[in-house]
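Written out below as structure tokens is the structure these notes cover.
The values are calculated or read from the model by the stated rules, or taken from the named source; none is laboratory data. What you see is a predicted model; the values in this text were computed from it and never measured. Here the Cβ positions follow ideal geometry from the backbone for every residue, glycine too, while neighbour counts run over all protein chains shown.
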Amino acid sequence: MPKPELLIVGGGITGLCAAISAAQQGARVTLVDAAVNAGTTANAGSLHVQLQSRFMRLYPEQAPNVEASLPLYLRAVREWDALEATHGPFEMVRKGGLMLAEDAEQLAFLETKARREADKGLDVEILDRAALERIAPWLGPQIIGAELCRDEGKLNPLAANIRLQAVARSLGVSLVRDRITSLLIGSDVQLRGETDSYRADQVIIAAAWGAGDLVSGLGLALPSRAEPLHMNITEPAAAGIEHLIQHAERSITLKQLQSGQIVIGGGWPAQSRGNHAVPEVLATSMLGNVALAGRLVPGITGLRVIRTWAGMNTTIDGKTALGRLAGAERVIVAVPGDAGYTLGPLVGRLAAELAGDVPGDVDIAPFSLARFAA
Amino acid sequence: MMSDPVTFFFEGEALSARNGQSLAAALTDAGQRVFRHTGKGSPRGVFCGMGVCQDCLVSVDGQPNQRACMTLARDGALVQRQVARPELESKADFDGKPAQPLAARELTPDVLVIGGGAGGLNAAAVAASAGASVLVLDERKVAGGQYFKQPAADAPLLDAQQSDGADLLAAAREAGAELLGGVEIWGAFAGPLLYAVAPDGTPLVLRPKQLIVATGAYERPCMVPGWTLPGVMTTGAAQTLWRSYRSLPGRRVAVCGSGPLNLQVALELARGGAEVRLVAESAPSPLKRPASAMALLLAGPKLALAGSGMLLGLRRAGVPVHYDTGLAAIAANTDGSLRATFRRNGREETTELDALCMNDGFEPQNEILRLLGADMHYDPAFGHLRCTRTDSLSTSVDGVYAVGDCCGLGGAPAAAAEGRIAGAAAAAACGFATHEDLWSSRQALAGARRFQKRLWALHDPAPRNLDTLPDDTLICRCEEVTLGQFRNGMADDADHIGTVKRVTRVGMGCCQGRYCGPVAARLVANATGRSLTDHSYFAPRVPIKPVSIGTLMATQEALDAKA
Ligand SMILES: Cc1cc2nc3c(=O)[nH]c(=O)nc-3n(C[C@H](O)[C@H](O)[C@H](O)COP(=O)(O)OP(=O)(O)OC[C@H]3O[C@@H](n4cnc5c(N)ncnc54)[C@H](O)[C@@H]3O)c2cc1C
Ligand SMILES: Cc1cc2nc3c(=O)[nH]c(=O)nc-3n(C[C@H](O)[C@H](O)[C@H](O)COP(=O)(O)OP(=O)(O)OC[C@H]3O[C@@H](n4cnc5c(N)ncnc54)[C@H](O)[C@@H]3O)c2cc1C
Ligand code: FES
């Protein structure tokens with residue numbers, strides 16, 4: 001095969017959208033993906049914009065990074081709007097997300113949060129019980145109010161992934177299954193994989209939890225960590241839940257897909273079996289996560305859970321890592337920050353534009369890799 | 001005879017049932033075959049008769065998604081066809097509903113046996129008589145497993161097979177084993193730690209010292225266009241209707257696929273009064289293979305004679321047995337009756353039927369074993385996984401034994417012998433010596449395995465080649481995915497069954513991939529040229545069977561209260 005101008009490592013949502021964007025610019029693109037533990041094939045399809053309480057609680061030191069990124073999340077959901085318009089349908093619904101409060105303290109927390117988010121341009125509002133009653137009659141009686149973020153939404157990631165892969169193929173992107181083990185920079189980039197070796201003028205590393213290892217020899221200490229997470233799905237019910245549901249204090253996301261199935265997740269842990277094996281489901285997560293969902297939305301308690309799964313999320317420092325590698329400028333790193341499926345399309349496109357020296361519409365300086373220089 | 005007939009309501013119409021009958025049986029007696037419609041509007045009814053396919057779902061007293069084959073017809077019950085998407089309850093429905101969860105029971109028996117069939121009951125009897133505390137859990141309300149399935153409620157025993165089963169149940173009880181029926185096991189985790197729910201809704205948390213898995217097998221269907229129509233059911237479903245509930249699947253019946261079960265059930269149904277129009281066996285006639293038939297006779301004269309007695313009985317009952325004959329397609333008439341097309345030597349023949357029974361081999365119910373990480377290997381002769389076991393039938397997982405058909409088809413006598421061996425081993429591991437004559441059990445096991453090998457040489461236990469099936473054949477009943485869609489889904493990226501699942505939705509429905517999974521695994525293996533292993537199948541995940549959110553909440557609350 002002719003040498004690609006651009007080789008992308010990692011075929012999740014970030015790599016896929018980078019490939020599409022680069023191919024649209026006219027580049028010859030190869031996408032090499034190990035196809036193990038992609039967050040993209042395991043995720044819940046929530047389009048997150050407001051600050052996730054789970055994240056603020058788990059990683060308080062990273063919360064300022066996420067808050068600084070709020071405008072990026074707004075851009076990211078608009079990127080999804082554009083993708084849906086050109087390549088959809090992905091069963092996308094943007095009716096907003098509700099973050100629930102069960103007591104006055106939680107509601108006060110949401111009020112402060114909403115003010116800070118409004119300052120960053122988010123469309124947020126605090127709803128009292130009466131207002132909730134009108135849009136979400138299936139909520140538990142203990143819910144006293146909620147923050148509604150109208151920018152949020154949901155989609156079916158399976159539908160989106162399939163369509164975007166087809167788009168990449170139709171644009172001539174060559175999709176290769178392999179795991180890259182090393183990069184060597186010279187007059188071009190030489191990559192060694194488990195089954196083949198490759199050369200390219202430029203490389204985008206969109207390998208999520210695998211990114212840190214790939215760049216560690218290139219003077220970058222990128223602390224990309226694999227985080228195994230748990231998900232549940234029920235049998236279908238009549239359409240009734242339009243919003244993405246979260247909680248002010250507890251870890252949960254709940255939404256209804258177009259199929260009528262309810263997807264319950266929100267960051268409950270799974271058991272890692274190493275980065276190259278699928279994580280194992282934990283009883284405590286299944287029980288805790290589903291029981292919480294039933295308590296918040298009693299209307300679903302008659303439904304049966306038909307499947308659980310576990311997938312690999314990636315965390316760094318809460319903020320997207322996007323930029324050229326100092327000293328190895330042929331290499332670009334593109335790892336989205338928290339809620340990476342929401343950010344993936346935008347981060348992927350920006351990485352492709354960086355590779356093509358196309359002036360972007362977002363200032364990426366805040367996401368520079370300089371903060372990880374070894 | 002059966003006392004206290006009950007009256008229940010189906011779609012508002014009063015129907016009567018015999019005491020102890022399942023809803024599925026009572027509805028079948030009433031001529032009702034359509035229990036629900038799928039999301040795409042296709043009618044569905046009883047298919048597996050054993051709680052696996054989830055196609056018999058109805059709503060009972062407002063509670064949706066109840067399996068009619070596993071639910072008793074209760075007096076006064078309001079039964080409704082299941083709608084594809086039940087309404088969510090709103091505040092008005094759940095306000096004021098007492099949400100008092102039943103206290104969870106934590107059980108720590110020496111030996112926990114899952115599955116109360118030939119294998120499980122023998123294991124329980126041996127382990128309990130050695131002095132171990134033994135608990136047997138079974139999902140069905142009717143005890144005995146497949147071979148020994150008992151009549152419901154107070155119906156009399158049908159034959160020696162049922163009275164042997166009754167004796168075995170009595171022996172297990174007398175030895176001190178506790179037998180619980182109607183228990184839904186939804187979780188199996190390392191430990192072993194298991195979660196279940198008792199019929200009254202009590203959450204069960206089980207931490208046994210030793211675990212014996214004896215969950216049996218379910219049936220492989222003949223996947224042809226029309227195999228999901230109401231009135232088409234597995235041979236075992238028809239057998240359960242008759243043996244446990246004295247209901248016939250229909251008046252005009254045919255039985256197809258391959259194997260001795262089809263012959264036995266055809267005869268049972270004929271004797272029960274059904275007009276059995278034919279038995280279609282895909283293997284050639286044993287008369288064409290005298291050497292194999294003789295080998296079978298030598299391996300087990302008694303059972304082989306019983307088998308030829310069955311053939312004789314069928315002839316006397318006027319039931320033709322067509323060899324080299326396969327099912328080609330099924331269509332529905334406007335009145336709901338069926339038109340089945342069979343193919344024999346390239347010629348097609350159509351038969352009008354009320355019910356069509358199919359059994360084209362067996363698939364082991366190995367989900368608990370796979371969840372616990374027990375080592376499996378593929379058996380190409382039977383086309384399914386077998387669990388790797390030691391001589392004492394322990395698996396690769398510490399403290400976990402596996403016996404009977406859940407390890408790969410072996411038949412009831414082998415399951416019984418394996419149960420006795422594993423029961424003794426599990427009791428010994430808890431410090432209880434047995435007086436069990438293990439030498440006899442091992443001899444019996446070796447004999448039963450020899451017989452099975454010869455028996456299946458006369459049938460056709462390997463899965464069918466799907467290459468010639470038309471694209472519009474459904475392979476996933478639940479998500480209504482056709483073979484054509486699956487083939488397309490493999491075209492881009494056939495690397496793994498999980499990838500094709502995400503593209504086609506195959507295996508994402510309520511039966512959790514039990515019917516499409518084995519087929520999908522084979523199709524992907526063919527396409528990639530890789531041989532089949534445990535990893536070729538859908539990854540094992542909880543819940544083992546669909547479990548209601550309410551049950552999970554009750555379990556969590558009970559655990560919280562204890563903590
Ligand atoms: C259970 C779960 C639920 C989630 N829910 C949501 C949600 O609702 N909304 C949201 O916005 N986000 C969610 N996320 C996060 C989101 O899925 C991820 O952040 C996002 O998919 C990351 O996309 P990516 O393309 O950057 O990386 P990934 O999708 O993780 O893809 C990385 C790919 O790179 C490959 N790779 C790694 N190393 C190498 C190598 N050396 N050579 C070749 N290939 C390699 C991997 O095998 C993988 O295929 C969830 C994550 C999980 C696990
Ligand atoms: C439908 C069917 C009909 C058959 N009929 C005959 C026949 O008429 N004659 C004949 O010779 N052979 C028949 N066989 C074969 C024969 O019954 C088996 O070889 C024999 O029953 C194997 O015994 P076992 O103990 O392994 O399993 P089984 O007897 O099948 O017992 C397994 C038990 O485990 C229970 N179980 C399964 N999963 C779970 C779970 N997750 N939680 C709780 N309980 C569970 C089941 O409800 C069942 O009662 C039949 C097989 C099938 C599948
Ligand atoms: S017939 Fe009831 S679950 Fe299959």
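For B:ASP495, the criteria (1) within 12 Å of chain A (Cβ to nearest Cβ); (2) touching a residue at least 40 places away in the same chain (Cβ under 8 Å); (3) not hydroxyl-bearing (Ser, Thr, Tyr) hold in every case but one, which is (2).
The set of residues from segment A:347-369 being out of contact with any strand residue (DSSP E or B) (no Cβ under 7 Å at 6 or more places or on another chain) and part of a loop (DSSP other than H, G, I, E, B) comprises A:GLY356, A:ASP357, A:VAL358, A:PRO359, A:GLY360, A:ASP361, A:VAL362, A:ASP363. In summary, strands (runs of 3 or more DSSP E) completely within segment B:1-71 and bearing 2 or more residues that are among the aromatic types (Phe, Trp, Tyr) and at pLDDT 95 or above occur at B:6-10.
Report yes if some residue within segment B:265-280 is touching a Ser or Thr at 6+ places or on another chain (Cβ under 6 Å), basic (Lys, Arg) and farther than 13 Å from B:TYR323 by Cβ; otherwise report no. Within segment B:265-280, one or more residues are touching a Ser or Thr at 6+ places or on another chain (Cβ under 6 Å), basic (Lys, Arg) and farther than 13 Å from B:TYR323 by Cβ. Only one entry of A:SER182, A:SER187, A:SER272 meets the criterion of being at pLDDT below 95 and either within 18 Å of the chain's Cα centre (by Cα) or surrounded by fewer than 23 Cβ atoms within 10 Å (Cβ to Cβ) (or both), and that entry is A:SER187. One residue stands out among those in segment B:145-166 that are modelled with pLDDT under 95 and of a type in the set (Asp, Glu): the one that is nearest to ligand 2 (Cβ to nearest atom), which is B:ASP159.
Please indicate, with yes or no, whether at least one residue in segment B:34-43 is surrounded by fewer than 20 Cβ atoms within 10 Å (Cβ to Cβ) and near ligand 3 (Cβ under 10 Å from one of its atoms). Before you say what the answer is, go through the steps one by one.
Filtering segment B:34-43 down to residues surrounded by fewer than 20 Cβ atoms within 10 Å (Cβ to Cβ) leaves B:34, B:37-43.
Keeping just the survivors that are near ligand 3 (Cβ under 10 Å from one of its atoms) gives none.
No, the conditions are met nowhere in segment B:34-43.
Looking at A:ASP128, A:ASP151, which is the one that is touching a helix residue (DSSP H, G or I) at 6+ places or on another chain (Cβ under 7 Å) and within 30 Å of A:GLY294 (Cβ to Cβ)? Working first, answer last.
Working: A:ASP128 fails: touching a helix residue (DSSP H, G or I) at 6+ places or on another chain (Cβ under 7 Å).
Just a single option satisfies the conditions, and that option is A:ASP151.
When restricted to residues that are away from chain A (no Cβ under 13 Å) and in contact with a Pro (Cβ under 9 Å, 6 or more places away or on another chain), segment B:57-74 contains 1.
Checked against (1) away from chain B (no Cβ under 11 Å); (2) at pLDDT 95 or above, A:MET286 passes all but a single condition, namely (1). Restricting attention to segment B:185-221 and to residues that are among the aromatic types (Phe, Trp, Tyr) and within 14 Å of chain A (Cβ to nearest Cβ), the residue that is farthest from ligand 3 (Cβ to nearest atom) turns out to be B:PHE189.
Exactly one residue out of A:ALA321, A:ALA370, A:ALA355, A:ALA351 is surrounded by fewer than 19 Cβ atoms within 10 Å (Cβ to Cβ) and more than 14 Å from chain B (Cβ to nearest Cβ): that is A:ALA370.
Which fully enclosed strands (runs of 3 or more DSSP E) of segment A:108-207 have 2 or more residues being within 14 Å of chain B (Cβ to nearest Cβ) and not polar (S, T, N, Q)?
Working: elements: A:124-128, A:145-149, A:174-177, A:180-185, A:189-193, A:197-200, A:202-205.
Filter on segment A:108-207 gives A:174-177.
Of the residues making up segment B:189-198, one or more are over 19 Å from the mean Cα position of the chain (by Cα), outside any strand (DSSP E or B) and farther than 17 Å from B:ALA374 by Cα.
Name the one entry in A:VAL305, A:VAL297, A:VAL290 that is in contact with a Ser or Thr (Cβ under 8 Å, 6 or more places away or on another chain) and within 22 Å of B:THR551 (Cβ to Cβ).
Working: A:VAL297 fails: in contact with a Ser or Thr (Cβ under 8 Å, 6 or more places away or on another chain); A:VAL290 fails: in contact with a Ser or Thr (Cβ under 8 Å, 6 or more places away or on another chain).
That would be A:VAL305, the only listed residue that is in contact with a Ser or Thr (Cβ under 8 Å, 6 or more places away or on another chain) and within 22 Å of B:THR551 (Cβ to Cβ).
Taken together, the residues in segment B:223-258 that are within 9 Å of ligand 2 (Cβ to nearest atom), touching a Gly at 6+ places or on another chain (Cβ under 8 Å) and over 25 Å from B:ASN333 (Cα atoms) amount to 1.
When segment A:289-311 is filtered for residues that are more than 10 Å from every other protein chain (Cβ to nearest Cβ) and touching a helix residue (DSSP H, G or I) at 6+ places or on another chain (Cβ under 6 Å), only A:GLY311 remains. Hey, any hits in segment B:262-272 for a residue that's of a type in the set (Gly, Ala, Ser) and in a loop (DSSP other than H, G, I, E, B)? Scanning segment B:262-272, I find no residue that is of a type in the set (Gly, Ala, Ser) and in a loop (DSSP other than H, G, I, E, B), so the answer is no.
Every test in (1) out of contact with any Leu (no Cβ under 7 Å at 6 or more places or on another chain); (2) more than 14 Å from chain B (Cβ to nearest Cβ); (3) not in a loop (DSSP other than H, G, I, E, B) is passed by A:PRO4 save one, and that test is (3).
Rundown of residues vs (1) more than 18 Å from A:MET286 (Cα to Cα); (2) away from chain B (no Cβ under 11 Å); (3) in contact (Cβ under 8 Å) with a residue 12 or more places away in the chain; (4) not in a strand (DSSP E or B), yes/no style:
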{"site": "A:PRO228", "(1), (2), (3), (4)": "no, yes, yes, no"}
{"site": "A:ASN232", "(1), (2), (3), (4)": "no, no, yes, no"}
{"site": "A:ALA239", "(1), (2), (3), (4)": "yes, no, yes, yes"}
{"site": "A:ILE264", "(1), (2), (3), (4)": "no, no, yes, no"}
{"site": "A:GLY267", "(1), (2), (3), (4)": "no, yes, yes, yes"}
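Evaluating B:ASP391 against the criteria (1) farther than 26 Å from B:GLU184 by Cβ; (2) in contact with a Pro (Cβ under 6 Å, 6 or more places away or on another chain); (3) surrounded by fewer than 23 Cβ atoms within 10 Å (Cβ to Cβ); (4) not aromatic (Phe, Trp, Tyr) leaves one unmet condition, (2). Please pick out the residue among B:GLN82, B:GLN150 that is under 27 Å from A:ARG304 (Cα atoms) and either within 16 Å of ligand 3 (Cβ to nearest atom) or buried (at least 17 other Cβ atoms within 10 Å of the Cβ) (or both). Only one candidate passes the filter, namely B:GLN82.
Just a yes or no: is a residue in segment B:86-105 farther than 21 Å from B:CYS357 by Cα, modelled with pLDDT of 95 or more and away from every other protein chain (no Cβ under 14 Å)?
Of segment B:86-105, the ones farther than 21 Å from B:CYS357 by Cα are B:86-105.
Going one step further and asking which of them are modelled with pLDDT of 95 or more, we end up with none.
Within segment B:86-105, not a single residue is farther than 21 Å from B:CYS357 by Cα, modelled with pLDDT of 95 or more and away from every other protein chain (no Cβ under 14 Å).
Only residues that are out of contact with any strand residue (DSSP E or B) (no Cβ under 8 Å at 6 or more places or on another chain), under 21 Å from B:LEU263 (Cα atoms) and part of a loop (DSSP other than H, G, I, E, B) were counted in segment B:313-344, giving 1.
For segment B:345-369, taking the residues that are among the polar types (S, T, N, Q) and in a loop (DSSP other than H, G, I, E, B), the one that is nearest to B:SER531 (Cα to Cα) is identified as B:ASN366. Being within 16 Å of ligand 2 (Cβ to nearest atom), of a type in the set (Asp, Glu) and away from chain A (no Cβ under 14 Å) is a property that holds for B:GLU418. Checked against (1) buried (at least 17 other Cβ atoms within 10 Å of the Cβ); (2) among the small types (Gly, Ala, Ser); (3) on the phi > 0 side of the Ramachandran plot, A:GLY172 passes all but a single condition, namely (1).
Among the residues of segment B:474-512, those that are acidic (Asp, Glu) and in a loop (DSSP other than H, G, I, E, B) comprise B:GLU479, B:GLU480, B:ASP493, B:ASP495.
Within segment A:289-319, being within 24 Å of B:GLY513 (Cα to Cα) and modelled with pLDDT under 95 holds for A:ILE300, A:THR301, A:GLY302, A:LEU303.
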